[in-house]
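A short worksheet on the structure shown next.
The values are calculated or read from the model by the stated rules, or taken from the named source; none is laboratory data. Predicted, not measured: the structure shown is a model, and the values here were computed from it. In this analysis, Cβ positions are derived from the backbone assuming ideal geometry, glycine residues included, and neighbour counts consider all displayed protein chains.
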Amino acid sequence: MTVRRVGIVGCGQLAQMMAQEARPLGIEFSFLAEGGESTACVEGLGTIVQATDGDDTESLYRAMGSPEVITAEREQVSVELLRALEKCCPVYPRPDAFEKTQHRLREKNAITAAGLPVAPFLPANNYDEIFTAVEKLGYPAFIKSCENGYDGKNQWRVDSDESLEALRGRVPESEYVVEKGINFSREVSLIGARTADGEMVTYPLAENDHYRGTLLVSTAPAPDVSEALRKTAQDYLSTLMDAWDYVGVLAMECFVSDDGLLVNELAPRVHNSGHWTLAGAKTSQFANHVRAILGMPLGDTDSERPAVMINMLGVDKKPALANEGVWLYGKGLRPGRKMGHVILLDASQRALAERTQAMLEALYGESRRPA
């Protein structure tokens, strides 16, 4: 039997879970580490290759075992490297998708070019331009770095002239997006997978609860979602995937607002808000990503019971309370770092909500929030 091999650029927990979920399908993996990144998460899961400046791309490809397809576990990856690897084998999602989503302004322009709504925004390159943009958009406003902004990093909220003035001297000349603050009731995310021939599946819409800009809890399906909202989200994701001729898993985060559903961010990869699928769906997002990029039939995304995923932020001890799975990533402990996650399943949303609060207290104490 011919062995199928997938190469993954990146060696974090997403690469880890991708390999763990797809190895039962008879697929082997190799991993490409960039910039001296830690490889602890993927030790023992396949060949690990360290990339250094000046490496010959074909040599890297051969060192990875000449995979039939290459993917990436994060959007902050060298697009130049992906395009070079594309000369050796298909790279999915395609490098253009990473180029768009790793830069906030390019991402928003790509979303609006597809005809989808986002919060009002303006570009800025320095404090004076930020000041002018906030004057036009009004308070509250969010200033976000176009690059290297995730989990609340490199982002600032301003609510008044005083808070805007306080940023003077703190924001260096760089590329920013200034967004108008939206009055939204909640954030939801939709995850879908698409093959090169256009087959597409989506998972139930999830509701996300963040703490200091980092995802803490995802609940799927999102409670009290109308059929119209669910269909709108699916239409948005389908529109993007078709417009980009997308292959693999794509995650779309949205605000539910008085003006309807607004797209906030995209991730061209398996996503934290889809980790619940490891125990709560018939086929996980990780397995379906690999299926999609290899051109295999996509798996069933149905969920039989409501599910909750709780991130273990700065916590690496398995909780004693009953659960449907604890995933520890094997990373070095650090305050606020994503060390793992817990999945809960129950017959009703109400019972699940009660168990979620108890689990948060078990992980983080009476505050139910990370330190």
What number of residues within region 1-43 are among the basic types (Lys, Arg) and in contact with a Leu (Cβ under 8 Å, 6 or more places away or on another chain)? 2
Any chance region 84-92 includes a residue that's among the β-branched types (Val, Ile, Thr) and closer than 28 Å to MET339 by Cα? no
When you check ILE182 against the structure, is it crowded, with 16+ Cβ neighbours inside 10 Å and either assigned to a loop (DSSP other than H, G, I, E, B) or modelled with pLDDT under 95 (or both), yes or no? yes
What single numbered condition from (1) touching a residue at least 40 places away in the same chain (Cβ under 8 Å); (2) out of contact with any helix residue (DSSP H, G or I) (no Cβ under 9 Å at 6 or more places or on another chain) fails to hold for ALA351? (1)
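Within region 39-157, which helices (runs of 4 or more DSSP H) (wholly inside it) include 2 or more residues that are surrounded by fewer than 17 Cβ atoms within 10 Å (Cβ to Cβ) and free of Cβ contacts under 8 Å to residues at least 24 places away in the same chain?
Output list reads 57-63, 79-85, 104-113, 127-137.
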For VAL177, state whether it is outside any loop (DSSP other than H, G, I, E, B), within 22 Å of HIS341 (Cβ to Cβ) and touching a residue at least 60 places away in the same chain (Cβ under 8 Å). no
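Rundown of residues vs (1) within 30 Å of VAL69 (Cβ to Cβ); (2) assigned to a strand (DSSP E or B); (3) within 17 Å of the chain's Cα centre (by Cα); (4) not assigned by TED's automatic domain parsing to the domain that holds ILE143, yes/no style:
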{"site": "PRO172", "(1), (2), (3), (4)": "no, no, no, no"}
{"site": "SER189", "(1), (2), (3), (4)": "yes, yes, yes, yes"}
{"site": "ALA193", "(1), (2), (3), (4)": "yes, yes, yes, yes"}
{"site": "ASP197", "(1), (2), (3), (4)": "yes, no, no, yes"}
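Just to be sure before I move on: is LEU250 in contact (Cβ under 8 Å) with a residue 40 or more places away in the chain, touching a strand residue (DSSP E or B) at 6+ places or on another chain (Cβ under 9 Å), of a type outside the set (Ser, Thr, Tyr) and surrounded by 18 or more Cβ atoms within 10 Å (Cβ to Cβ) in the structure I sent? Steps first, answer last, please.
Numbers: in contact (Cβ under 8 Å) with a residue 40 or more places away in the chain: yes; touching a strand residue (DSSP E or B) at 6+ places or on another chain (Cβ under 9 Å): yes; of a type outside the set (Ser, Thr, Tyr): yes; surrounded by 18 or more Cβ atoms within 10 Å (Cβ to Cβ): yes.
Yes.
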Please tell me if VAL326 is in the same structural domain as PRO223 (by TED's automatic domain parsing), buried (at least 18 other Cβ atoms within 10 Å of the Cβ) and under 23 Å from CYS41 (Cβ atoms). no
